[in-house]
Structure formats: structure tokens, C-alpha cells
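What follows is a short report on a single structure.
Bear in mind these aren't lab numbers, they're just calculated from the coordinates by the rules spelled out. Given the structure is predicted, the values throughout are model-derived calculations rather than measurements. Positions of Cβ are backbone-derived with ideal geometry, glycine not excepted, and every protein chain shown enters the neighbour counts.
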Amino acid sequence: MKLLLDTHIWLWALLDPDRLSPAVRSALTSAENELWLSPVSVWEAHLLAERGRITIDETPAVWVERMVQALPRREAALTTDIAVASRRLTLSHEDPADRFIAATAQVLGLTLVTADARLTESTEYAVMANV
């Protein structure tokens with residue numbers, strides 16, 4: 001299965017794996033699955049570090065680069081098709097990062113791994129909920 005990690009799932013996998021459900025933890029460690037990450041998640045993580053919402057002992061840029069390298073993954077490039085699809089999705093909110101990540105799952109045929117109830121309620125893309 002091709003799994004697109006929502007930003008918090010990516011960070012939890014690296015920093016706080018106990019927050020992952022057993023099913024998600026198993027899926028992330030299975031050799032049968034491919035892990036994917038959107039550059040939007042990298043951007044979000046950088047913002048969290050800059051704003052002090054994540055405690056780090058290095059510059060945000062160095063920390064984010066280390067987090068990106070710490071997890072084997074494929075990059076889910078942000079494309080024009082994804083940008084257009086992000087506006088077509090029926091979501092209960094307008095968070096641009098969530099829209100780009102959900103549209104990435106939809107356009108690339110990936111399963112979005114998330115704990116965000118606002119994203120798990122959609123039927124427009126595949127979801128693996130961290131419950």
C-alpha cells in the first residue's frame with residue numbers, strides 16, 4: 001500500500017510513536033508499504049518549529065532536514081493537478097495545508113494516514129485513520 005503521511009503522523013512516527021495506533025504503527029513499519037511525504041508537511045513542520053510549537057535544540061531548517069532524512073519515504077511532489085484538485089475537494093474547512101495533502105492523496109492514488117477527523121470523514125480519497 002502507498003501511504004501518504006499527514007504532517008502529525010510523520011512527526012509522531014519519529015518523535016512520539018506511542019501516539020500511533022497499533023494498526024498505523026504496523027502499517028508504517030511494514031516492508032510491504034511505501035511511505036510518502038508531501039513537501040507541504042515539510043513546510044508545516046518548519047512553521048511549527050519556527051513558532052516554538054515543537055521544542056528543538058537546533059535551527060528549524062537543520063531540524064526539519066534531519067526529520068526528512070530520518071524516515072525512508074518517497075516525495076509526493078506538489079503539482080498543478082494537485083493544486084486544482086485541492087479546491088475541488090469537499091472538506092469541512094479551508095486549511096490550505098490539509099487541502100493540499102488530501103488532494104495529493106486523491107490525485108496520486110495514495111492512502112492518507114491521519115488522525116485529523118476533518119480529513120477522515122471524506123470519501124474522496126483513501127484514508128487510514130489513526131484511532
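Its relative contact order, with pairs defined as Cα atoms under 8 Å and 6+ residues apart, puts the chain at 31 percent. Of all DSSP beta bridges confined to the chain, the antiparallel ones make up roughly 0%. For the stretch 58-105 and the stretch 1-50, write down the distance between their C-alpha centroids in whole Å. Taking the Cα centre of the stretch 1-50 as reference, the centre of the stretch 58-105 is 11 Å away. The amide H of residue 127, built 1.01 Å from its N in the peptide plane, has 112 as neighbours under 5 Å, considering only residues 5 or more places off or on other chains. Exposed loop sites, defined as GluC sites (Glu not before Pro) outside DSSP H, G, I, E and B with at most 10 other Cβ atoms within 10 Å, are absent from the longest region of the chain, namely 33-93. Shown in residue order for the stretch 30-45 are the 3J(HN,Hα) couplings computed by the Karplus curve 6.51 cos²θ - 1.76 cosθ + 1.60 at θ = phi - 60°: 6, 5, 7, 9, 9, 9, 10, 9, 8, x, 5, 5, 5, 4, 4, 4 Hz (x for Gly and Pro). Binning the alpha carbon pair distances of the stretch 2-129 at 10 angstrom intervals from zero yields the distribution 13, 45, 35, 7, expressed in whole percent.
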